[in-house]
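Reviewing the structure listed below.
The values are calculated or read from the model by the stated rules, or taken from the named source; none is laboratory data. What you are looking at is a predicted structure, and each value in this text was computed from that prediction instead of being measured. Because the Cβ atoms are built from the backbone with ideal geometry, glycine has one as well, and the counts that use them run over all protein chains shown.
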Amino acid sequence: MTFLEAYDLHGPDVERIAASMRIKPHEADRLINEEMERRHKELGHGALSAEDRAWRDRNRAVCASLIREVLA
(Lines give C-alpha, C1' and ligand atoms only; values in the text may rest on other atoms or scores of the structure.)
Protein backbone atom coordinates (compact mmCIF):
# COMPACT_ATOMS: atom_id res chain seq x y z
CA MET A 1 0.00 0.00 0.00
CA THR A 2 1.30 3.44 -0.86
CA PHE A 3 1.37 6.28 1.64
CA LEU A 4 -1.38 8.24 -0.13
CA GLU A 5 -3.66 5.18 -0.16
CA ALA A 6 -3.03 4.66 3.55
CA TYR A 7 -3.55 8.36 4.29
CA ASP A 8 -6.82 8.42 2.34
CA LEU A 9 -7.99 5.31 4.18
CA HIS A 10 -6.88 6.17 7.73
CA GLY A 11 -6.45 9.95 7.74
CA PRO A 12 -3.56 11.25 9.85
CA ASP A 13 -3.57 8.18 12.15
CA VAL A 14 0.12 7.41 12.66
CA GLU A 15 -0.31 3.91 14.09
CA ARG A 16 -2.75 2.69 11.43
CA ILE A 17 -0.70 4.09 8.57
CA ALA A 18 2.46 2.54 10.00
CA ALA A 19 0.76 -0.84 10.36
CA SER A 20 -0.80 -0.81 6.90
CA MET A 21 2.49 0.20 5.27
CA ARG A 22 4.60 -2.01 7.54
CA ILE A 23 6.84 0.85 8.56
CA LYS A 24 7.79 2.32 11.93
CA PRO A 25 5.45 4.92 13.46
CA HIS A 26 8.07 7.69 13.40
CA GLU A 27 8.44 7.17 9.65
CA ALA A 28 4.66 7.34 9.16
CA ASP A 29 4.59 10.51 11.25
CA ARG A 30 7.24 12.09 9.02
CA LEU A 31 5.25 11.19 5.89
CA ILE A 32 2.06 12.61 7.40
CA ASN A 33 3.83 15.86 8.27
CA GLU A 34 5.20 16.13 4.74
CA GLU A 35 1.76 15.54 3.23
CA MET A 36 0.09 18.07 5.53
CA GLU A 37 2.80 20.62 4.72
CA ARG A 38 2.35 19.99 0.99
CA ARG A 39 -1.42 20.47 1.25
CA HIS A 40 -0.97 23.63 3.30
CA LYS A 41 1.38 25.11 0.70
CA GLU A 42 -0.97 24.07 -2.09
CA LEU A 43 -3.93 25.80 -0.46
CA GLY A 44 -2.00 28.78 0.81
CA HIS A 45 -2.89 30.95 3.77
CA GLY A 46 -6.53 31.90 4.09
CA ALA A 47 -7.63 29.10 1.77
CA LEU A 48 -11.31 30.06 1.95
CA SER A 49 -12.60 32.28 -0.80
CA ALA A 50 -14.58 35.39 0.06
CA GLU A 51 -17.76 33.55 -0.94
CA ASP A 52 -16.91 30.60 1.31
CA ARG A 53 -16.14 32.90 4.24
CA ALA A 54 -19.49 34.69 3.75
CA TRP A 55 -21.31 31.33 3.67
CA ARG A 56 -19.51 30.21 6.85
CA ASP A 57 -20.36 33.46 8.64
CA ARG A 58 -24.04 33.28 7.61
CA ASN A 59 -24.25 29.71 8.90
CA ARG A 60 -22.62 30.70 12.19
CA ALA A 61 -25.21 33.44 12.62
CA VAL A 62 -28.09 31.07 11.80
CA CYS A 63 -26.79 28.44 14.22
CA ALA A 64 -26.36 31.03 16.96
CA SER A 65 -29.92 32.30 16.50
CA LEU A 66 -31.33 28.76 16.58
CA ILE A 67 -29.45 28.01 19.78
CA ARG A 68 -30.73 31.22 21.36
CA GLU A 69 -34.32 30.23 20.41
CA VAL A 70 -33.94 26.75 21.86
CA LEU A 71 -32.43 28.04 25.10
CA ALA A 72 -35.05 30.78 25.51
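Name the one entry in ILE32, ILE17 that is touching a residue at least 12 places away in the same chain (Cβ under 8 Å), touching a His at 6+ places or on another chain (Cβ under 8 Å) and surrounded by 11 or more Cβ atoms within 10 Å (Cβ to Cβ).
Residue meeting the stated conditions: ILE17.
For region 40-58, give me each residue that is surrounded by 10 or more Cβ atoms within 10 Å (Cβ to Cβ) and at pLDDT below 80.
If the condition is that a residue be surrounded by 10 or more Cβ atoms within 10 Å (Cβ to Cβ) and at pLDDT below 80, then HIS40, LEU43, ALA47, LEU48 are the ones that fit.
Does ALA61 satisfy the criteria of being out of contact with any helix residue (DSSP H, G or I) (no Cβ under 9 Å at 6 or more places or on another chain), exposed (fewer than 11 other Cβ atoms within 10 Å of the Cβ) and of a type in the set (A, V, I, L, M)?
The answer is yes for ALA61.
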